1. Can you pull the one-decimal nm distance between simple spin-label points at residue 94 and residue 131, each 7 Å off the Cα toward Cβ?
2. How would you rank 288, 253, going from fewest to most other Cβ atoms within 10 Å of each one's own Cβ?
3. Computed over the Cα atoms of the chain, what is the convex hull's projected area averaged over all directions, in nm²?
4. Pairing the Cα long axis of helix 32-64 with the longest principal axis of the chain, what angle in degrees results, from 0 to 90 and rounded to the nearest 10?
5. Could you check the simple spin-label distance between residue 147 and residue 45, using points 7 Å along Cα→Cβ, in nm with one decimal?
6. Give me 278, 92, 79 ranked fewest to most by other Cβ atoms within 10 Å of their Cβ, as a rough exposure proxy.
7. Can you sort 19, 112, 291 so the residue with the fewest Cβ neighbours within 10 Å comes first?
8. Rounded, prolate or oblate: which fits the range 119-196, taking a ≥ b ≥ c as square roots of the Cα gyration tensor eigenvalues, rounded meaning a/c under 1.5, else prolate when a/b beats b/c?
Amino acid sequence: MAARLWRWVLGFALVFALISAAALASAWPLSLAAALGAALTILLAELPLFVLVSLLVARAAARASSVPAGFGLTLRTWMSETAHFGSVVLAMSRNPAPLPPSAGSGRPVLLIHGILCNRGIWGALQRRLHAAGFRSVLAVNLEPLLADIELLAARVEPEALTLHRLNQGARIAIVAHSMGGLVARVLLRNLGPEVVSTIITLGTPHHGTRWLAGLPGRAPQQLARGSPWLYALNALQEDRFTVPLVSLYSLDDNLVIPATSARLKGAEALELRGVGHMGVARSPRALDQVIAALSVAGAA
């Protein structure tokens, strides 16, 4: 479903660029080559413009919460997030098939993506995990889109248990991006520390985000600031987690507003600067932190 959504987004972006170029050609005497060049320029500018607007909105919220950022840092974040976002969209539109996890590695890892995404976001991390010796890695798709987070967790639970059994009862580590971190916490609540060994969340709005306000569906309501569902989950777990929880996030996140929503009592907080919401799941600095956290958890 997410792959279809992102193919539609790419198609709409192309149509918008062509229509805009045609409008320019009708207003000025442009050659066919110039019109096509204008269409290509508009197409290539759409994603950077979206990232820039989202980053500036997040910057406005950051000023209110005393998280300063200079021009150089903002520029670096914009450039890196544009690159990461673009590569993720292309990967998600293809919806890569799941790689079957190897049995008996003893270090199983479950990857859970965020809202409006699919397992395509995990390509860079999966390569790093395999290089680091993590062979039993499973990346799931959350469907249907925008569904209740409790329902999404219930649908992932059988796959988590299968991964657990495939590795002779070894407890699974969960790495989750954005909303996926809340799915992971529901899994911990339901399955307990007998199945889950550690959770690493990447850019997860543990205390909600303002960015999703107005979107339809149950999940955006649950992710909103002041959400009763989120309040209840935090009241149950915050400062009393039964397994280690690491919250890796960027103070320059362009979609979690405010970025400090990722902080949780009782969780280890790892802060980044200069990467955006997609970058926190793909940048080399973020992936280094993930591998290090998994290695520490495996040695414990």
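Any read-out appearing in this document is the output of simple, stated calculations on the displayed coordinates, not a laboratory observation. Quick caveat, the model's predicted, so the values are computed rather than measured. Positions of Cβ are backbone-derived with ideal geometry, glycine not excepted, and every protein chain shown enters the neighbour counts.
1. Here the modelled spin labels are 1.8 nm apart.
2. Numbers: 288 11, 253 31.
In increasing order of surrounding Cβ atoms, one gets 288, 253.
3. Values: hull surface 65.9 nm².
Average projection, Cα convex hull of the chain: 16.5 nm².
4. 50 degrees
5. With each label placed 7 Å out from Cα toward Cβ, I get 4.1 nm.
6. Working: 278 29, 92 23, 79 14.
Fewest-to-most ranking of 278, 92, 79: 79, 92, 278.
7. On the way: 19 12, 112 31, 291 18.
With the fewest neighbours first, 19, 112, 291 line up as 19, 291, 112.
8. Working: a/c = 1.99, a/b = 1.17, b/c = 1.70.
Here the range 119-196 falls in the oblate category.
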